[in-house]
1. Counting pairwise Cα distances across chain A, what percent come out greater than 38 angstrom?
2. State, in angstrom, two size descriptors of the range D:251-314 derived from its alpha carbons: Rg to one decimal place and Dmax to the nearest whole number.
3. Looking at B:A235, B:F74, B:G61, which one has the Cα that reaches farthest to the positive end of the dipole of chain B (charges on Cβ: Lys, Arg +1; Asp, Glu -1)?
4. For the range D:47-62, take each phi angle, set θ = phi - 60°, evaluate the Karplus expression 6.51 cos²θ - 1.76 cosθ + 1.60, and give the result in whole Hz per residue in order, putting x for glycine and proline.
5. Just report the Cα centroid separation between the range B:256-287 and the range C:1-70, whole Å.
6. Above 11 Å lies some portion of the pair distances; for the range D:185-230, what is it as a whole percent of all C-alpha pairs?
7. Cα to Cα, under 23 Å, and not fewer than 8 places away if on the same chain: which lysines meet these conditions relative to C:K277?
8. For A:D62, place a label point 7 Å out from Cα along the Cα→Cβ vector, do the same in each other copy, and report the separations in nm, one decimal, smallest first.
Protein chains: 4
Amino acid sequence: MMGSSVGKLQTAVEEIVDEMRGMSERGTVASYIPELACVDTKYFGIAVIESDGNVIVGGDGDVPFSIQSISKVFTLTLALGKVGNRLWTRVGREPSGSPFNSIVQLEREQGIPRNPFINAGAIAVTDLILSGHQPREALGEILRFMQFLADDPTVTIDQEVAASEHRTGFRNAALANYMKSFGVLDNPVDFTLGVYFHHCAIAMSCRQLAMAGRFLAQNGSNPSTGLAVVQPERARRINALMLTCGHYDGSGEFAYRVGLPGKSGVGGGILAVAPGKASIAVWSPGLDTTGNSRLGQIALEKLAKKMGWSIFGA
Amino acid sequence: MMGSSVGKLQTAVEEIVDEMRGMSERGTVASYIPELACVDTKYFGIAVIESDGNVIVGGDGDVPFSIQSISKVFTLTLALGKVGNRLWTRVGREPSGSPFNSIVQLEREQGIPRNPFINAGAIAVTDLILSGHQPREALGEILRFMQFLADDPTVTIDQEVAASEHRTGFRNAALANYMKSFGVLDNPVDFTLGVYFHHCAIAMSCRQLAMAGRFLAQNGSNPSTGLAVVQPERARRINALMLTCGHYDGSGEFAYRVGLPGKSGVGGGILAVAPGKASIAVWSPGLDTTGNSRLGQIALEKLAKKMGWSIFGA
Amino acid sequence: MMGSSVGKLQTAVEEIVDEMRGMSERGTVASYIPELACVDTKYFGIAVIESDGNVIVGGDGDVPFSIQSISKVFTLTLALGKVGNRLWTRVGREPSGSPFNSIVQLEREQGIPRNPFINAGAIAVTDLILSGHQPREALGEILRFMQFLADDPTVTIDQEVAASEHRTGFRNAALANYMKSFGVLDNPVDFTLGVYFHHCAIAMSCRQLAMAGRFLAQNGSNPSTGLAVVQPERARRINALMLTCGHYDGSGEFAYRVGLPGKSGVGGGILAVAPGKASIAVWSPGLDTTGNSRLGQIALEKLAKKMGWSIFGA
Amino acid sequence: MMGSSVGKLQTAVEEIVDEMRGMSERGTVASYIPELACVDTKYFGIAVIESDGNVIVGGDGDVPFSIQSISKVFTLTLALGKVGNRLWTRVGREPSGSPFNSIVQLEREQGIPRNPFINAGAIAVTDLILSGHQPREALGEILRFMQFLADDPTVTIDQEVAASEHRTGFRNAALANYMKSFGVLDNPVDFTLGVYFHHCAIAMSCRQLAMAGRFLAQNGSNPSTGLAVVQPERARRINALMLTCGHYDGSGEFAYRVGLPGKSGVGGGILAVAPGKASIAVWSPGLDTTGNSRLGQIALEKLAKKMGWSIFGA
């Protein structure tokens, strides 16, 4: 049943898994969330789901990890579904030129985060999902959305990671309080932060994550159901935001090297999208200085080159 | 000889020209270069060159205008050809999150501009092209490169615009002196600025500009000659830089709305690339608050949507 | 018993009270603390206590008001007494060149506030006073210190103002959490903020405040007791900090116009010190754009000129 | 003829000269002006001129050095005499919270420097002195003013230092061009910079410099002539500016430790003023990290303490 394209992809994934296994410089595990600081850098996982439904999983592609900021792609999608373009009165659409947790830009721009993928922006998006509900309800809605997209009801939240972030997330608390002072958040700061820390603590494997990302590779529709998750234009626009803002202050570099929309998390995962072709998830816990998975980026660069998937030309 | 695809493009271009003619809010002409301040906002031109060689020109697509910062795409290409990846020790590859002429970022990053498409970065690139030669020689080389790419030996420099910029370009002089103080420029500041002001003053029509941009849409090769201008990987990477950094602090917005790599100039021109499909040039002198052509962006958004050319999905 | 100097001061104060009564542009009451927003700008009070013990009070000099940031002079004094120069590992001694609640500087300098008189610095100082105790105890200690210095056990905290600040003090919560993320605060953020909001809500009249400031005018000693509150060198240094940092981003202007060390609060009060000569308190609730009492500054400029009290020359 | 006060000062100066001779950590000579980089850190000079005319000179107090930024006190005085308070539309009066050559603040505040003692501010002041004249004339005026104040016609400009700065002063050229782009400079950038580089290159001994500063210690009058150089209020205000802004980003520290208005230069000199008491000049070429003379500051701290000259209390 495997056609030659599938065979080519299978070979590419196997080669990459082999190469990544041998890499000695594997980056540094994020230290600021205690629960994440003890993850071993030996892991490397990958999952690719092509538009025709073929699934290739390699390495530790079935080991769950903390998706962290990758959740921001899905909370953005959910929030756009709830409040539409009104969302853009609370969050901008420009790259920040700053680290993921910078507060300087917020002062210059009166509490409006530059984009929904830096921490401040994602907190503002979470606040829109909350919109007066109890944190538990909002969190349930986010989790069900992830389970639905991944077509897997076992996706869950790692409560220890969530608690660890809550105990130590002073910088995010600073960002949230700062935005609150400008009226950018509607809900109590603790409510919004609680939901934010918990959705960042969702644990998924590469396979589950690639499943959840399929709608972005397929013009907004979920192939499990054939129904639209979002309209095609919205899928394109989320991809555009991932391309320009998905890797914090390494976004330009990722576009330059990999040439695919993608969103990274400090847990070491990256979700990437080859529009019309594939949804891809990689994971390796060691990060580079911009906070993006070192091996994950290298693996995606190799995959995009081997498969000719760059959106910037053959 | 016109196939249905050509017919569809022809129709799309005609509709856009009509729509743009009727637009009342046409933006504001750049005032800081006196020679540009007197251009009429009534103009709108467009040229599209498909990969099979078909050329569609509409509106004022044969009227020459000052390409200004669009020249930065070509000087980057030329400099990469001369010094290769050593260029990236002088200039970064990240969006700046700042206006085109900001000097703040330079102080934070020790004189290294964030990317080759903000003014400081393009001045540093120009300095690499100069590399010890006389300004006249370097400028001749740039101009011949443009004529070669456009397949048109009549492309020329508007000396009055160049002189006007030289007289009033204090902010660019500040950027250049600032980089010089960090050792980022090798040549005398006046030499580098002289070449920079002159290549920004190159005058081209949309037709000529779209011709010059063909290699970026066609994996690096020039269809007039069939020879490679750059390797495919370099073409992809220049496209990636245009996508993330091509519209200053409006780059995220352009990616979000249009979904194509593009580079704008304060003369009101934009060069856009649909990889594998077409090279596109639009021109309308009125700018929005981020310094990008107001009608040009709208026209490109419409064209990309009508033709399904977004790189982020169908 | 009144000598000519006392007569001269009495006359000066009376003239100033008269002039201030007639001023039409009285500034704007701080709006961000709801309880303060309703204070009438009609008030003007002044109290001057000369080194020989003479007390001159004018206008509304016996009406209590919220001393707000003026409390920072006293918490600094108290904290220096408790931890000595170790305090300066947590807080700098340079003017900030920024508004009182700026967070930008904290990012640049890794969570270390520039000086003890901007909000972030005063929160860090409060944290040192807390040093493991319960908020109630620390607050009691601060209040007793104020009562002792003012020689008046009726000095108290306005609980409604404190509660109002606690409800709305998101920007201060941002500053505190931000410093906590850098390890600059030792205690739970809520504890430190609780004490901070309460000591800012101390209510005092000009008479009480001028009494409390006497030790700064008299080389560190409290004339009521004859004992040293601080050593002379420390008094000089606190005066120096008031001169360079006491009026936020209006400190240079205050030094230029008035020529005396001083500390303002957004409640409209200013404590000023003429070393060796007098302790002075003024109060008028209307603020200028830098957050300093408009009439208070004018009154002090007039008083310093009439009395020849500028520290910068006769 | 020497009274006890003179004896005390003589002893104090002698002790300080001895102590400074033995100091091993002498700071680092400014390297960015080649002509200054070769000065030996062994030098230490001091001169104190009391209000009654007594002159005490110690160490290398008669060796000329490059006064550099100390010249800014005198160009400010001269410019205020020419254009009065209109000067303050071009330059602010607040500490900058930034290094002496920062350009960031200029962008935030539209080309208006924060104060006349950072480089940008002093360049703007120099531009006001030029006001349409030839550089040579303006420079002559400045030099004659210095000779008049120092009561010494031999004060001169070190042309090699001036030429060295002109060749390498790219950062100052950046500042000047930047201000020019906002219309803050009236004259050609090269003219203004030429005068600026030359007045910074004035060479004086401590004795000459202390002579030149006498008017600031004596309410604006020149004791050689008995005539007013400036009105008393202006002298007070210049002193206030020196206190808040005279040592760049070390101004708060200088006020805290020394407690006297002062202005430093990267040549290692400092002019300090004890209002009503003395004009003081010290010189030692080694600088600390804020660009101020390391031994100069220590010597002034000791002198102020020994003599009880702090303006902040006995």
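1. Everything past 38 Å amounts to 7 percent.
2. Using the Cα atoms of the range D:251-314, the pair Rg, Dmax is 10.8, 32 Å.
3. Going by the Cα projections, it comes out as B:A235.
4. 9, 10, 10, 7, 5, 7, x, 5, 10, 10, 10, x, x, 8, x, 10
5. 64 Å
6. Everything past 11 Å amounts to 72 percent.
7. C:K8, C:K72, C:K263, C:K302, C:K305, C:K306, D:K277, D:K305, D:K306
8. 6.6, 8.6, 9.3
All of the numbers you see were taken from the coordinates with simple rules; none came from a lab. These numbers come from a predicted model, not from an experiment. Cβ: placed from backbone, ideal geometry, glycine included. Neighbour counts: every protein chain shown.
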